[in-house]
1. Whole Å is fine, so just give me how far the alpha carbon centre of the stretch 343-421 lies from that of the stretch 24-46.
2. Over the Cα atoms of the stretch 330-388, what Rg and Dmax result, in angstrom?
3. Sorting check: for 418-431, 377-390, which peptide has the highest mean count of neighbouring beta carbons within 10 Å, and how do the rest follow?
4. Taking the radius of gyration and the Kirkwood hydrodynamic radius from Cα positions alone, what is the Rg/Rh ratio for the stretch 1-159, to two decimal places?
5. Do me a favour and compute the ellipsoid semi-axes for the stretch 218-354 from its Cα gyration tensor, root of five times each eigenvalue, largest one first, whole Å.
6. Based on the Cα gyration tensor of the stretch 176-272, what are the three equivalent ellipsoid semi-axes, each the root of five times an eigenvalue, rounded to whole Å and given largest first?
7. Looking at the calculated P(r) for the stretch 108-149, what percent of the C-alpha pair distances fall above 12 Å?
8. Bin by bin, in steps of 10 Å, what percent of the Cα pairs in the stretch 293-343 do you find, going until the bin that has the longest distance?
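The values are calculated or read from the model by the stated rules, or taken from the named source; none is laboratory data. All of these numbers come straight from a predicted model, not from anything done at the bench. Backbone-built Cβ (ideal geometry, glycine too); neighbour counts: all protein chains shown. The area values use the complete protein model at the heavy-atom level, side chains included, leaving out ligands, DNA and RNA. Shrake-Rupley method; radii C 1.70, N 1.55, O 1.52, S 1.80 Å.
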Amino acid sequence: MWGGRFAEGPSAIMREINASIPFDKALWRQDIAASKAHVAMLGAQGIVTPADAASIADGLDQVAAEYEKDGVPEDWDLEDIHMTTESRLAELVGPVAGRLHTARSRNDQVATDFRLWVREAMEQVDAGLEQLQRALVARADEHAASIMPGFTHLQIAQPVTLGHHLMAYYEMIRRDRSRFADARARLNESPLGSAALAGTGFPIDRDMTAHALGFDGPTRNSLDAVSDRDFALDYLMAAAQCSLHLSRLAEEFIIWASQPFGFVRLPDALSTGSSIMPQKKNPDAAELVRGHAGRIIGCTTALMVTMKGLPLAYSKDMQDDKPPVFEAASLLALSIAAMTGMVADSSFRTDRMRQAAELGYATATDLADWLVREADIPFREAHHITGAAVKLAESKGVALDALSLEELQAIDPRVDERVFAALSVDASVASRSSYGGTAPERVREQVAHARRMLGIDE
Ligand code: ARG
(Lines give C-alpha, C1' and ligand atoms only; values in the text may rest on other atoms or scores of the structure.)
Protein backbone atom coordinates (compact mmCIF):
# COMPACT_ATOMS: atom_id res chain seq x y z
CA MET A 1 0.00 0.00 0.00
CA TRP A 2 2.83 2.47 0.83
CA GLY A 3 5.47 0.83 -1.35
CA GLY A 4 4.67 2.60 -4.60
CA ARG A 5 4.51 5.96 -2.94
CA PHE A 6 7.75 5.48 -1.03
CA ALA A 7 9.61 4.28 -4.08
CA GLU A 8 8.66 7.35 -6.09
CA GLY A 9 7.52 10.08 -3.71
CA PRO A 10 10.58 10.92 -1.67
CA SER A 11 12.87 11.11 -4.69
CA ALA A 12 10.47 13.42 -6.52
CA ILE A 13 10.26 15.64 -3.46
CA MET A 14 14.03 15.51 -3.06
CA ARG A 15 14.55 16.59 -6.65
CA GLU A 16 12.21 19.49 -6.22
CA ILE A 17 13.42 20.74 -2.86
CA ASN A 18 17.03 20.38 -3.92
CA ALA A 19 16.80 22.19 -7.23
CA SER A 20 18.04 25.77 -7.25
CA ILE A 21 18.27 26.07 -11.02
CA PRO A 22 14.91 27.88 -11.25
CA PHE A 23 16.52 30.87 -9.54
CA ASP A 24 20.29 30.43 -9.62
CA LYS A 25 20.28 30.35 -13.40
CA ALA A 26 20.50 34.13 -12.94
CA LEU A 27 24.16 33.51 -12.03
CA TRP A 28 25.11 32.01 -15.38
CA ARG A 29 27.33 34.84 -16.56
CA GLN A 30 29.25 34.88 -13.29
CA ASP A 31 29.49 31.07 -13.29
CA ILE A 32 31.02 31.03 -16.76
CA ALA A 33 33.41 33.88 -15.93
CA ALA A 34 34.60 32.16 -12.75
CA SER A 35 35.03 28.83 -14.56
CA LYS A 36 37.07 30.49 -17.28
CA ALA A 37 39.32 32.16 -14.71
CA HIS A 38 39.69 28.83 -12.92
CA VAL A 39 40.55 26.78 -16.00
CA ALA A 40 43.04 29.39 -17.24
CA MET A 41 44.76 29.11 -13.86
CA LEU A 42 44.70 25.27 -13.98
CA GLY A 43 46.37 25.50 -17.39
CA ALA A 44 48.95 28.06 -16.28
CA GLN A 45 49.85 25.96 -13.24
CA GLY A 46 50.19 22.77 -15.27
CA ILE A 47 47.34 21.13 -13.35
CA VAL A 48 45.63 20.46 -16.67
CA THR A 49 47.39 20.52 -20.05
CA PRO A 50 47.24 23.73 -22.08
CA ALA A 51 45.28 21.86 -24.77
CA ASP A 52 42.64 20.66 -22.30
CA ALA A 53 42.40 24.12 -20.74
CA ALA A 54 41.88 25.64 -24.18
CA SER A 55 39.16 23.20 -25.18
CA ILE A 56 37.34 23.69 -21.87
CA ALA A 57 37.53 27.48 -22.29
CA ASP A 58 36.16 27.22 -25.86
CA GLY A 59 33.38 24.94 -24.64
CA LEU A 60 32.46 27.45 -21.91
CA ASP A 61 32.22 30.16 -24.54
CA GLN A 62 29.87 27.96 -26.54
CA VAL A 63 27.70 27.28 -23.51
CA ALA A 64 27.55 31.01 -22.81
CA ALA A 65 26.52 31.70 -26.40
CA GLU A 66 23.72 29.14 -26.09
CA TYR A 67 22.48 30.62 -22.80
CA GLU A 68 22.57 34.07 -24.31
CA LYS A 69 20.50 32.93 -27.26
CA ASP A 70 18.05 30.43 -25.76
CA GLY A 71 18.20 30.95 -22.01
CA VAL A 72 19.39 28.45 -19.42
CA PRO A 73 17.61 25.06 -19.52
CA GLU A 74 15.93 24.07 -16.27
CA ASP A 75 16.43 20.43 -15.49
CA TRP A 76 15.87 19.66 -11.81
CA ASP A 77 18.05 16.57 -12.06
CA LEU A 78 20.98 18.86 -12.69
CA GLU A 79 20.16 20.79 -9.50
CA ASP A 80 21.86 24.08 -10.10
CA ILE A 81 23.61 26.40 -12.54
CA HIS A 82 26.99 24.80 -11.82
CA MET A 83 25.90 21.25 -12.74
CA THR A 84 23.80 22.49 -15.62
CA THR A 85 26.77 24.25 -17.19
CA GLU A 86 29.17 21.40 -16.54
CA SER A 87 26.83 18.86 -18.04
CA ARG A 88 26.31 20.91 -21.18
CA LEU A 89 30.06 21.43 -21.37
CA ALA A 90 30.56 17.65 -21.29
CA GLU A 91 28.09 17.23 -24.15
CA LEU A 92 30.03 19.78 -26.18
CA VAL A 93 33.67 18.90 -25.43
CA GLY A 94 33.52 15.34 -24.08
CA PRO A 95 35.16 13.83 -21.00
CA VAL A 96 37.81 16.55 -20.77
CA ALA A 97 35.01 18.69 -19.27
CA GLY A 98 35.45 16.61 -16.11
CA ARG A 99 38.84 18.29 -15.53
CA LEU A 100 37.29 21.71 -14.97
CA HIS A 101 36.19 20.82 -11.45
CA THR A 102 39.76 19.95 -10.37
CA ALA A 103 40.79 21.87 -7.22
CA ARG A 104 37.44 23.47 -6.62
CA SER A 105 34.03 22.62 -5.22
CA ARG A 106 30.57 23.99 -5.80
CA ASN A 107 30.99 25.60 -2.39
CA ASP A 108 33.73 28.01 -3.42
CA GLN A 109 32.19 28.21 -6.88
CA VAL A 110 28.82 29.47 -5.69
CA ALA A 111 30.41 31.81 -3.16
CA THR A 112 32.47 33.32 -5.98
CA ASP A 113 29.60 33.57 -8.48
CA PHE A 114 27.31 35.16 -5.95
CA ARG A 115 29.91 37.73 -4.90
CA LEU A 116 30.37 38.69 -8.53
CA TRP A 117 26.61 39.04 -8.95
CA VAL A 118 26.15 41.13 -5.82
CA ARG A 119 29.11 43.33 -6.77
CA GLU A 120 27.42 44.14 -10.05
CA ALA A 121 24.12 44.79 -8.29
CA MET A 122 25.89 47.26 -6.01
CA GLU A 123 27.31 49.07 -9.01
CA GLN A 124 23.90 49.26 -10.66
CA VAL A 125 22.29 50.64 -7.51
CA ASP A 126 25.01 53.25 -7.24
CA ALA A 127 24.44 54.39 -10.83
CA GLY A 128 20.69 54.59 -10.21
CA LEU A 129 21.13 56.55 -7.00
CA GLU A 130 23.39 59.00 -8.75
CA GLN A 131 20.60 59.69 -11.25
CA LEU A 132 18.18 60.23 -8.38
CA GLN A 133 20.60 62.67 -6.76
CA ARG A 134 20.93 64.56 -10.02
CA ALA A 135 17.17 64.88 -10.26
CA LEU A 136 16.94 66.08 -6.64
CA VAL A 137 19.69 68.63 -7.13
CA ALA A 138 18.17 69.98 -10.35
CA ARG A 139 14.76 70.47 -8.73
CA ALA A 140 16.33 71.90 -5.56
CA ASP A 141 18.24 74.42 -7.64
CA GLU A 142 15.04 75.42 -9.42
CA HIS A 143 13.22 75.77 -6.09
CA ALA A 144 15.97 77.11 -3.82
CA ALA A 145 13.70 80.05 -2.89
CA SER A 146 10.26 78.45 -3.29
CA ILE A 147 8.44 78.72 0.02
CA MET A 148 6.65 75.78 1.57
CA PRO A 149 5.56 74.97 5.09
CA GLY A 150 8.06 72.94 7.07
CA PHE A 151 6.40 70.38 9.32
CA THR A 152 6.92 68.76 12.66
CA HIS A 153 4.31 66.21 13.74
CA LEU A 154 2.96 66.87 10.22
CA GLN A 155 1.73 70.17 11.63
CA ILE A 156 2.92 73.37 10.02
CA ALA A 157 5.97 74.53 11.96
CA GLN A 158 8.16 77.09 10.17
CA PRO A 159 8.50 78.05 6.53
CA VAL A 160 11.25 76.30 4.62
CA THR A 161 12.15 76.18 0.97
CA LEU A 162 11.23 73.31 -1.29
CA GLY A 163 14.87 73.23 -2.36
CA HIS A 164 15.92 72.65 1.23
CA HIS A 165 13.35 69.88 1.63
CA LEU A 166 14.53 68.11 -1.54
CA MET A 167 18.18 68.45 -0.53
CA ALA A 168 17.38 66.60 2.69
CA TYR A 169 16.74 63.55 0.50
CA TYR A 170 19.94 64.21 -1.43
CA GLU A 171 21.77 63.78 1.90
CA MET A 172 20.03 60.47 2.66
CA ILE A 173 20.94 59.14 -0.76
CA ARG A 174 24.52 60.33 -0.33
CA ARG A 175 24.77 58.18 2.80
CA ASP A 176 23.17 55.25 0.97
CA ARG A 177 25.77 55.45 -1.77
CA SER A 178 28.53 55.48 0.78
CA ARG A 179 27.05 52.40 2.47
CA PHE A 180 27.00 50.52 -0.85
CA ALA A 181 30.58 51.66 -1.54
CA ASP A 182 31.74 50.38 1.86
CA ALA A 183 29.97 47.10 1.24
CA ARG A 184 31.58 46.76 -2.18
CA ALA A 185 35.05 47.31 -0.74
CA ARG A 186 34.49 44.60 1.88
CA LEU A 187 33.01 42.18 -0.63
CA ASN A 188 35.91 42.32 -3.01
CA GLU A 189 37.90 39.24 -1.98
CA SER A 190 37.86 36.02 -3.96
CA PRO A 191 36.69 32.78 -2.31
CA LEU A 192 37.73 30.75 -5.36
CA GLY A 193 40.25 28.08 -4.43
CA SER A 194 38.86 27.57 -0.93
CA ALA A 195 37.44 24.38 -2.44
CA ALA A 196 34.89 22.45 -0.35
CA LEU A 197 35.97 23.94 2.99
CA ALA A 198 39.63 23.18 3.69
CA GLY A 199 41.50 24.41 0.64
CA THR A 200 43.13 22.02 -1.83
CA GLY A 201 46.34 20.04 -2.28
CA PHE A 202 46.68 21.10 -5.92
CA PRO A 203 49.23 23.86 -6.61
CA ILE A 204 46.67 26.50 -7.48
CA ASP A 205 47.32 30.23 -7.84
CA ARG A 206 44.54 32.05 -6.03
CA ASP A 207 45.96 35.48 -6.76
CA MET A 208 45.69 34.77 -10.45
CA THR A 209 42.00 33.87 -10.35
CA ALA A 210 41.23 36.67 -7.90
CA HIS A 211 42.74 39.30 -10.18
CA ALA A 212 41.22 37.81 -13.31
CA LEU A 213 37.80 38.31 -11.71
CA GLY A 214 38.48 41.85 -10.54
CA PHE A 215 38.90 40.99 -6.87
CA ASP A 216 41.54 42.74 -4.76
CA GLY A 217 42.94 39.39 -3.67
CA PRO A 218 41.96 35.97 -2.27
CA THR A 219 40.07 35.45 1.00
CA ARG A 220 42.32 34.39 3.88
CA ASN A 221 40.36 31.55 5.48
CA SER A 222 38.78 28.78 3.46
CA LEU A 223 36.18 27.84 6.11
CA ASP A 224 35.00 31.43 6.34
CA ALA A 225 35.14 31.95 2.58
CA VAL A 226 32.73 29.15 1.68
CA SER A 227 30.27 29.93 4.43
CA ASP A 228 30.39 33.72 4.52
CA ARG A 229 27.37 35.58 3.19
CA ASP A 230 28.16 38.90 4.87
CA PHE A 231 28.54 40.50 1.47
CA ALA A 232 24.93 39.61 0.62
CA LEU A 233 23.76 40.85 4.01
CA ASP A 234 25.75 44.06 3.62
CA TYR A 235 24.03 44.56 0.30
CA LEU A 236 20.59 43.82 1.76
CA MET A 237 21.08 46.04 4.80
CA ALA A 238 22.21 48.92 2.62
CA ALA A 239 19.26 48.19 0.33
CA ALA A 240 16.85 48.11 3.28
CA GLN A 241 18.03 51.46 4.55
CA CYS A 242 17.94 52.93 1.06
CA SER A 243 14.42 51.58 0.51
CA LEU A 244 13.37 53.22 3.72
CA HIS A 245 14.57 56.58 2.40
CA LEU A 246 12.80 56.02 -0.90
CA SER A 247 9.67 55.09 1.01
CA ARG A 248 9.79 58.29 3.03
CA LEU A 249 10.21 60.32 -0.13
CA ALA A 250 7.33 58.41 -1.72
CA GLU A 251 5.21 59.18 1.31
CA GLU A 252 5.92 62.91 0.89
CA PHE A 253 4.68 62.75 -2.68
CA ILE A 254 1.58 60.82 -1.66
CA ILE A 255 0.70 63.44 0.93
CA TRP A 256 1.60 66.36 -1.31
CA ALA A 257 -0.49 64.98 -4.18
CA SER A 258 -3.59 64.60 -2.01
CA GLN A 259 -6.13 67.34 -2.87
CA PRO A 260 -6.29 69.05 0.55
CA PHE A 261 -2.51 69.58 0.23
CA GLY A 262 -2.31 70.00 -3.53
CA PHE A 263 1.43 70.70 -3.40
CA VAL A 264 2.31 68.60 -6.41
CA ARG A 265 0.93 67.25 -9.65
CA LEU A 266 2.43 63.85 -10.29
CA PRO A 267 3.58 62.91 -13.76
CA ASP A 268 0.81 61.10 -15.66
CA ALA A 269 3.37 58.48 -16.58
CA LEU A 270 3.71 57.50 -12.91
CA SER A 271 0.05 57.66 -11.92
CA THR A 272 -3.03 55.57 -12.53
CA GLY A 273 -6.72 56.31 -12.84
CA SER A 274 -9.60 54.67 -11.05
CA SER A 275 -11.87 52.26 -12.91
CA ILE A 276 -14.88 53.67 -11.09
CA MET A 277 -14.11 57.28 -10.05
CA PRO A 278 -13.27 59.29 -13.16
CA GLN A 279 -11.82 62.26 -11.26
CA LYS A 280 -9.07 60.21 -9.62
CA LYS A 281 -5.37 60.24 -10.31
CA ASN A 282 -3.71 57.87 -7.91
CA PRO A 283 -0.07 57.91 -6.78
CA ASP A 284 0.29 54.14 -7.24
CA ALA A 285 3.97 54.22 -8.14
CA ALA A 286 4.78 56.08 -4.93
CA GLU A 287 2.57 53.75 -2.92
CA LEU A 288 4.34 50.74 -4.39
CA VAL A 289 7.74 52.21 -3.57
CA ARG A 290 6.46 52.55 -0.01
CA GLY A 291 5.19 48.98 -0.16
CA HIS A 292 8.37 47.59 -1.69
CA ALA A 293 10.37 48.89 1.25
CA GLY A 294 8.46 46.41 3.38
CA ARG A 295 9.40 43.57 1.07
CA ILE A 296 13.07 44.61 0.87
CA ILE A 297 13.27 44.75 4.67
CA GLY A 298 11.62 41.31 4.65
CA CYS A 299 14.31 39.96 2.30
CA THR A 300 16.98 41.26 4.66
CA THR A 301 15.34 39.60 7.62
CA ALA A 302 14.96 36.37 5.65
CA LEU A 303 18.68 36.03 4.96
CA MET A 304 19.70 37.03 8.48
CA VAL A 305 17.45 34.34 9.90
CA THR A 306 18.74 31.79 7.39
CA MET A 307 22.33 32.45 8.44
CA LYS A 308 21.99 32.89 12.17
CA GLY A 309 22.20 29.26 13.29
CA LEU A 310 24.65 27.81 10.78
CA PRO A 311 27.84 26.16 11.99
CA LEU A 312 30.91 26.23 9.73
CA ALA A 313 31.20 25.56 6.91
CA TYR A 314 28.69 25.18 4.05
CA SER A 315 25.15 23.97 4.77
CA LYS A 316 22.44 23.62 2.17
CA ASP A 317 20.38 26.27 3.92
CA MET A 318 22.74 28.68 2.23
CA GLN A 319 21.25 27.86 -1.14
CA ASP A 320 18.33 29.96 0.07
CA ASP A 321 20.56 33.04 0.12
CA LYS A 322 19.82 33.94 -3.49
CA PRO A 323 16.05 34.51 -3.81
CA PRO A 324 15.89 37.32 -1.23
CA VAL A 325 18.88 39.08 -2.77
CA PHE A 326 17.49 38.77 -6.29
CA GLU A 327 14.08 39.95 -5.17
CA ALA A 328 15.42 42.91 -3.21
CA ALA A 329 17.65 43.92 -6.12
CA SER A 330 14.83 44.10 -8.61
CA LEU A 331 12.48 45.85 -6.19
CA LEU A 332 15.15 48.39 -5.32
CA ALA A 333 16.06 49.10 -8.95
CA LEU A 334 12.40 49.73 -9.78
CA SER A 335 11.90 51.90 -6.71
CA ILE A 336 14.91 54.06 -7.54
CA ALA A 337 13.76 54.50 -11.13
CA ALA A 338 10.22 55.39 -10.07
CA MET A 339 11.35 58.00 -7.55
CA THR A 340 13.81 59.49 -10.02
CA GLY A 341 11.00 59.97 -12.52
CA MET A 342 8.71 61.39 -9.87
CA VAL A 343 11.26 63.94 -8.69
CA ALA A 344 12.28 64.90 -12.21
CA ASP A 345 8.83 65.18 -13.77
CA SER A 346 6.38 66.27 -11.07
CA SER A 347 5.13 69.81 -11.21
CA PHE A 348 5.36 71.55 -7.87
CA ARG A 349 2.48 73.91 -7.09
CA THR A 350 4.52 76.55 -5.35
CA ASP A 351 1.51 78.91 -5.10
CA ARG A 352 -0.30 76.32 -2.97
CA MET A 353 2.77 75.66 -0.87
CA ARG A 354 3.29 79.36 -0.15
CA GLN A 355 -0.37 79.84 0.71
CA ALA A 356 -0.26 76.90 3.11
CA ALA A 357 2.78 78.40 4.84
CA GLU A 358 1.11 81.79 5.12
CA LEU A 359 -2.25 80.57 6.37
CA GLY A 360 -0.60 78.00 8.62
CA TYR A 361 1.03 80.82 10.63
CA ALA A 362 4.42 79.38 9.99
CA THR A 363 6.04 82.70 10.95
CA ALA A 364 4.66 82.72 14.49
CA THR A 365 8.13 81.87 15.82
CA ASP A 366 9.50 84.85 13.89
CA LEU A 367 7.00 87.18 15.59
CA ALA A 368 7.96 85.82 19.01
CA ASP A 369 11.68 86.12 18.17
CA TRP A 370 11.11 89.71 16.99
CA LEU A 371 9.43 90.64 20.28
CA VAL A 372 12.38 89.19 22.19
CA ARG A 373 14.97 90.87 20.01
CA GLU A 374 13.42 94.25 19.33
CA ALA A 375 11.17 94.85 22.36
CA ASP A 376 13.28 92.99 24.93
CA ILE A 377 10.30 90.87 26.01
CA PRO A 378 11.09 87.51 27.72
CA PHE A 379 10.49 84.61 25.31
CA ARG A 380 7.67 83.04 27.36
CA GLU A 381 5.73 86.29 27.32
CA ALA A 382 6.48 86.82 23.64
CA HIS A 383 5.16 83.31 22.97
CA HIS A 384 1.92 84.27 24.71
CA ILE A 385 1.50 87.55 22.78
CA THR A 386 2.15 85.71 19.52
CA GLY A 387 -0.51 83.16 20.41
CA ALA A 388 -3.05 85.94 20.71
CA ALA A 389 -2.01 87.38 17.32
CA VAL A 390 -2.37 83.95 15.64
CA LYS A 391 -5.79 83.52 17.22
CA LEU A 392 -6.94 86.87 15.85
CA ALA A 393 -5.55 86.20 12.35
CA GLU A 394 -7.15 82.77 12.34
CA SER A 395 -10.53 84.19 13.31
CA LYS A 396 -10.25 86.65 10.40
CA GLY A 397 -8.96 83.98 8.02
CA VAL A 398 -5.85 85.99 7.10
CA ALA A 399 -2.08 85.56 7.25
CA LEU A 400 -0.15 87.03 10.20
CA ASP A 401 1.34 89.82 8.13
CA ALA A 402 -2.16 90.77 6.93
CA LEU A 403 -3.09 92.00 10.41
CA SER A 404 -2.96 95.79 10.74
CA LEU A 405 -0.50 97.55 13.00
CA GLU A 406 -3.44 98.77 15.12
CA GLU A 407 -4.68 95.23 15.58
CA LEU A 408 -1.23 94.04 16.63
CA GLN A 409 -0.74 97.00 18.96
CA ALA A 410 -4.08 96.27 20.58
CA ILE A 411 -2.61 92.91 21.56
CA ASP A 412 0.65 94.46 22.72
CA PRO A 413 1.59 98.14 22.37
CA ARG A 414 5.31 97.38 22.12
CA VAL A 415 4.82 96.17 18.55
CA ASP A 416 5.79 98.68 15.87
CA GLU A 417 5.71 98.77 12.06
CA ARG A 418 9.16 97.16 11.71
CA VAL A 419 7.57 93.86 12.71
CA PHE A 420 6.10 93.35 9.25
CA ALA A 421 9.55 92.79 7.80
CA ALA A 422 9.84 89.73 10.04
CA LEU A 423 6.37 88.34 9.43
CA SER A 424 6.53 87.48 5.75
CA VAL A 425 7.41 83.90 4.88
CA ASP A 426 10.21 85.15 2.63
CA ALA A 427 11.78 87.16 5.45
CA SER A 428 11.46 84.21 7.77
CA VAL A 429 13.19 81.84 5.40
CA ALA A 430 15.91 84.37 4.53
CA SER A 431 16.66 84.84 8.24
CA ARG A 432 17.42 81.12 8.80
CA SER A 433 20.87 81.46 7.36
CA SER A 434 22.86 79.35 9.80
CA TYR A 435 25.05 76.71 8.13
CA GLY A 436 22.76 73.96 6.81
CA GLY A 437 19.71 76.20 7.27
CA THR A 438 16.86 76.84 4.89
CA ALA A 439 17.80 80.35 3.68
CA PRO A 440 17.91 80.34 -0.13
CA GLU A 441 21.58 81.42 -0.13
CA ARG A 442 22.40 78.42 2.08
CA VAL A 443 20.38 76.04 -0.09
CA ARG A 444 22.17 77.33 -3.20
CA GLU A 445 25.47 76.76 -1.45
CA GLN A 446 24.55 73.11 -0.78
CA VAL A 447 23.28 72.68 -4.32
CA ALA A 448 26.60 74.03 -5.62
CA HIS A 449 28.48 71.62 -3.38
CA ALA A 450 26.35 68.71 -4.55
CA ARG A 451 26.89 69.64 -8.19
CA ARG A 452 30.63 69.51 -7.63
CA MET A 453 30.35 66.14 -5.84
CA LEU A 454 28.34 64.76 -8.74
CA GLY A 455 30.86 66.07 -11.25
CA ILE A 456 28.31 68.41 -12.87
CA ASP A 457 30.54 71.39 -12.09
CA GLU A 458 34.28 71.63 -11.59
N1 ARG B 1 23.32 25.14 -5.44
C2 ARG B 1 24.17 25.18 -4.31
C3 ARG B 1 23.96 26.51 -3.57
O4 ARG B 1 23.49 27.39 -4.13
C5 ARG B 1 25.61 25.07 -4.71
C6 ARG B 1 26.49 24.57 -3.63
C7 ARG B 1 26.24 23.11 -3.41
N8 ARG B 1 27.13 22.57 -2.45
C9 ARG B 1 26.91 21.44 -1.82
N10 ARG B 1 27.78 21.06 -0.93
N11 ARG B 1 25.83 20.71 -2.02
O12 ARG B 1 24.28 26.63 -2.40
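1. 70 Å
2. Reported Rg and Dmax, both Å: 20.3, 60.
3. 418-431, 377-390
4. So for the stretch 1-159, dividing Rg by the Kirkwood Rh gives 1.28.
5. Working from the Cα gyration tensor, I get semi-axes of 41, 14, 11 Å.
6. For the stretch 176-272, the ellipsoid semi-axes come out as 47, 12, 10 Å.
7. 70 percent
8. Spelled out bin by bin, the stretch 293-343 gives 23, 41, 22, 10, 3 percent.
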